[in-house]
Every structure is written in C-alpha cells, then in structure tokens.
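Peer 1: Structure below; questions to follow.
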Amino acid sequence: MKVVSVVGARPEFIQAAPLSRAIRTRHQEVLVHTGQHYDYDMSEVFFQQLSLPKPDYNLGVGSGSHARQTGEILSRMEAVLQQEKPDWVLVRGDTNSTLAGALAAAKLCIPVAHVESGLRSYDAHMPEEINRVVTDHLSDVLFCPTPTAMDNLGREGLSQRASLVGDVMYEAILIYIEQARRESRILKELGLQSKSYLLVTVHRAANTDDVSNLQGIVAALNAISEPIVFPVHPRTRSRLKEYGLVLGAHVKTIEPVSYFDLLVLESDARLVLTDSGGMTKEAYIVGTPCLTLRDLSEWIETVEAGWNTVVGADTVAILQAVRHFQPSSERPALYGDGKTSLHIVEALERYVPKQSPI
Ligand code: UD1
Ligand code: UDP
C-alpha cells in the first residue's frame with residue numbers, strides 16, 4: 001500500500017510522527033509538506049525532534065490569503081498525486097493544507113482518509129470549520145478521536161464512513177513525554193518553578209484579527225500577578241505590534257517552543273490558557289487545568305469532565321477563572337487506548353472501495 005501523507009502546519013507534524021512510524025512498518029509512505037508553516041520553530045524543529053522523515057516533497061506555498069494558499073496547495077498537490085499515484089491520501093485536522101490535500105485527491109478519485117475527523121464548532125465564520133466540514137464530506141474514511149465526533153458525523157449522514165480510533169496526539173504524548181522530561185531544559189532556562197506559573201498561547205483568527213478580543217486577553221494577562229510564559233505564534237506577534245499592545249514584565253513572551261519544551265511547560269504549569277485545540281487536549285492528558293480563550297471548545301469532553309472552562313476573550317471572565325477555577329478530582333481517559341495509529345493502518349488495509357466517495 002502506498003500512502004501520501006499531507007502535512008503543513010505545526011500540529012500536523014506532531015500528529016504525523018506516530019502515524020508515519022506505523023505506516024512505514026508495513027507500507028510505503030510519501031510525505032508531502034505543503035510549506036504552510038516554514039519558520040524553523042514552526043516546522044523544522046518538529047522534524048528534528050520527532051525524527052520525522054525528510055519530506056519527499058515540499059510544495060513551498062508559504063503564507064497568503066485563504067484562497068491563494070489553498071489554491072496553491074491544490075494545484076501543486078495535484079501534480080504530486082499524478083506522479084505518485086498512491087492508494088491513499090491521508091490528511092489530518094482542519095488546516096488549509098488538510099482541505100487542499102483532500103480536494104486534490106478526491107478530484108483524482110484517490111481515496112482520502114481524514115484523521116481527527118468529526119470535530120465541529122458549528123461556527124461557519126471559523127476557517128477551520130469550513131475546512132473540516134468539506135474535508136469530512138470529501139473523504140472516504142473518517143477517523144474520529146471521540147464519541148462526540150462520531151455523533152457529529154452521524155448528524156451529517158456520514159456514520160458509515162466513520163470509525164472511533166482515539167486520538168493520535170494522545171499517542172504522541174505517550175511516546176514522547178518521558179523523553180521530553182529528560183531532555184527539556186526549558187524550566188531552568190526560564191527560571192520557573194513547577195506549578196507556580198501560567199502557560200498561555202493565542203493564535204486563532206477570532207482572537208488575533210479582532211483587536212478587542214486581543215485587547216481583552218492582554219488586559220487579563222497584565223492584571224495577573226503570577227509569572228506567565230507566552231510562546232508567541234508569529235501571527236500573534238505581528239498583531240500585538242500592529243495594535244500597539246504591550247505585555248507586562250511578568251509575562252515572558254518567547255518564540256514558539258519545541259514540542260518537548262511545550263509538553264514540559266504544559267505539565268508543570270498551574271494553569272494553561274489557550275485557544276489551541278491541540279493544547280486543550282494535551283493539558284487534559286497531562287493533568288493541568290485549562291481555560292479556553294474562545295467562546296466554545298470542540299474538545300467538549302474536557303469541559304464536561306471539569307478540567308477545562310470556556311472563558312472567551314473577556315478580561316473579567318478570564319481573571320475570575322484564573323483565581324477560582326478548580327478542576328474536578330476525576331480525570332477519565334477520553335482519547336482511546338494509545339494505539340490510534342495502528343487502528344488507522346489496519347482500517348486502511350481492510351478497506352474495500354465503495355462506488356463513489358461523494
Ligand atoms: C494554521 C491553521 C490553524 C492551526 C494553526 C496551527 C488554517 C486556516 N489555520 O493557522 O487551524 O490551528 O495553523 O498553528 O490553516 N507565519 C509565519 N511563519 C510561519 C507560519 C506562519 O510568520 O512559519 C505567519 C504568517 O504571517 C501567516 C500567519 O502566521 O500569514 C498565519 O499562518 P497560517 O498558516 O495562515 O495560519 P495559522 O494562524 O498558523
Ligand atoms: N506547540 C509547540 N510549541 C508551541 C506551541 C504549540 O510545540 O510553542 C504544539 C503543541 O504541543 C500542540 C500543537 O503545537 O501539540 C498545537 O498547535 P497549535 O496550537 O498551533 O494549533 P491547533 O492545535 O490549535 O490547531
């Protein structure tokens with residue numbers, strides 16, 4: 001079996017690590033990097049740290065508007081797929097790389113598998129929601145991380161293509177957490193004591209491209225007295241500058257960190273404040289309470305379990321939760337058995353093509 005795996009943005013590199021290993025034990029993988037993320041600390045650092053194979057193709061699309069970026073990936077991906085003629089195209093999550101990879105394959109009648117399928121915010125203004133809905137409907141096989149995702153697909157008539165396999169980022173944590181603890185020096189470098197700082201990340205368009213939301217978050221961070229570590233996504237850095245927003249000295253704004261450093265920062269934080277989907281899950285898995293800096297979370301199980309609270313970008317709501325939010329004493333396992341990538345490979349092997357994916 002020949003599988004083309006499409007990656008382009010930071011969380012896709014992390015997700016690709018366990019999957020790539022599992023595919024390559026029995027099959028041929030062709031790794032395509034779209035080039036959506038390209039800075040060293042948004043891309044190359046993950047390939048080095050996670051020993052990901054060097055991409056067979058780098059489409060080099062870089063940044064741009066949604067249409068330009070998606071269109072460039074679509075057209076460059078088509079050429080790769082025509083050359084490689086794979087049995088499967090594997091896409092993940094909800095980025096522009098995900099959508100363009102799935103669309104290029106579907107148009108060439110190449111079966112598409114979507115990993116981390118079935119998440120929904122039901123917010124049509126969110127670029128990721130558009131990407132994930134279209135990708136799910138284009139894909140032949142849908143791999144869901146949670147029962148909620150399965151239910152969401154059921155409501156759209158997609159149950160027959162869907163299977164519950166657990167979460168591949170949970171598997172990544174199981175594989176890498178001990179190594180991260182051994183190798184990371186980040187706490188020492190930043191002079192942090194365990195459980196006595198907050199970890200913050202912000203990168204969603206709804207926060208970065210809306211000045212009042214970014215202002216609301218910055219005002220909350222400035223009003224907190226505890227030390228804060230804030231690895232800043234490049235898009236957020238440019239917006240903070242553009243809007244003239246300044247963070248207090250107790251907020252250590254640093255460049256994006258490696259996956260191992262991030263895992264250690266998450267594990268040792270008293271609280272994670274984030275609009276990141278990946279970090280919401282990771283905080284739960286490592287047992288750190290989380291405040292979601294959005295108006296909803298697709299990872300609703302973490303909220304229901306009492307470890308995540310949705311506070312949006314409202315300064316008062318953030319500050320109240322920073323002071324008073326207490327996680328529940330129970331933390332049930334939510335993300336499968338840790339063998340998600342094996343379940344995915346086995347499902348691809350078993351697949352019998354149907355008449356039409358659409
Ligand atoms: C993208 C995904 C989002 C995902 C996130 C992971 C889409 C629509 N969004 O958002 O779902 O959560 O990746 O981090 O696909 N930039 C750099 N260097 C880089 C990459 C980006 O400077 O290596 C800057 C550019 O100015 C770019 C901006 O960040 O315009 C946004 O990058 P982009 O990939 O378009 O979206 P993300 O916000 O990263
Ligand atoms: N991450 C990282 N360094 C950082 C910030 C995030 O390694 O400075 C990792 C994090 O562990 C998580 C993933 O990147 O697994 C999440 O990516 P991001 O927040 O950019 O996107 P999302 O998950 O919201 O799509």
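Peer 1: So if I check each of Lys241, Lys281, Lys252, which one is in a helix (DSSP H, G or I) and more than 17 Å from the chain's Cα centre (by Cα)?
Peer 2: Only one candidate qualifies: Lys241.
Peer 1: Against the condition in a strand (DSSP E or B) and touching a residue at least 24 places away in the same chain (Cβ under 8 Å), how does Val45 come out, does it pass?
Peer 2: So Val45 fails the test.
Peer 1: Can you confirm whether region 84-101 contains a residue that is among the polar types (S, T, N, Q), more than 20 Å from the chain's Cα centre (by Cα) and assigned to a helix (DSSP H, G or I)?
Peer 2: So far as region 84-101 goes, no, none of its residues is among the polar types (S, T, N, Q), more than 20 Å from the chain's Cα centre (by Cα) and assigned to a helix (DSSP H, G or I).
Peer 1: State the number of residues belonging to region 201-238 that are in contact with a strand residue (DSSP E or B) (Cβ under 8 Å, 6 or more places away or on another chain), in a loop (DSSP other than H, G, I, E, B) and under 16 Å from Pro256 (Cβ atoms).
Peer 2: 3
Peer 1: Can you report the number of residues in region 255-269 which are surrounded by 16 or more Cβ atoms within 10 Å (Cβ to Cβ) and not in a helix (DSSP H, G or I)?
Peer 2: Selection size over region 255-269: 4.
Peer 1: Here's something else I'd like to know. Checking the conditions here, which among Arg10, Arg21, Arg26 is touching a residue at least 24 places away in the same chain (Cβ under 8 Å), within 28 Å of Met279 (Cβ to Cβ), more than 16 Å from ligand 2 (Cβ to nearest atom) and of a type in the set (Lys, Arg)?
Peer 2: Arg21
Peer 1: Also, quick follow-up: Just the residues that are of a type in the set (Gly, Ala, Ser), surrounded by 13 or more Cβ atoms within 10 Å (Cβ to Cβ) and part of a loop (DSSP other than H, G, I, E, B), please, taken from region 176-196.
Peer 2: Of everything in region 176-196, just one residue is of a type in the set (Gly, Ala, Ser), surrounded by 13 or more Cβ atoms within 10 Å (Cβ to Cβ) and part of a loop (DSSP other than H, G, I, E, B), namely Ser184.
Peer 1: Looking at His114 and the list (1) in a strand (DSSP E or B); (2) touching a residue at least 40 places away in the same chain (Cβ under 8 Å), which single condition is not satisfied?
Peer 2: Here His114 clears every test but (2).
Bear in mind these aren't lab numbers, they're just calculated from the coordinates by the rules spelled out. The structure displayed is predicted, hence computed values, not measured ones. Here the Cβ is made from the backbone with ideal geometry for all residues, glycine too, and neighbour counts use every protein chain on show.
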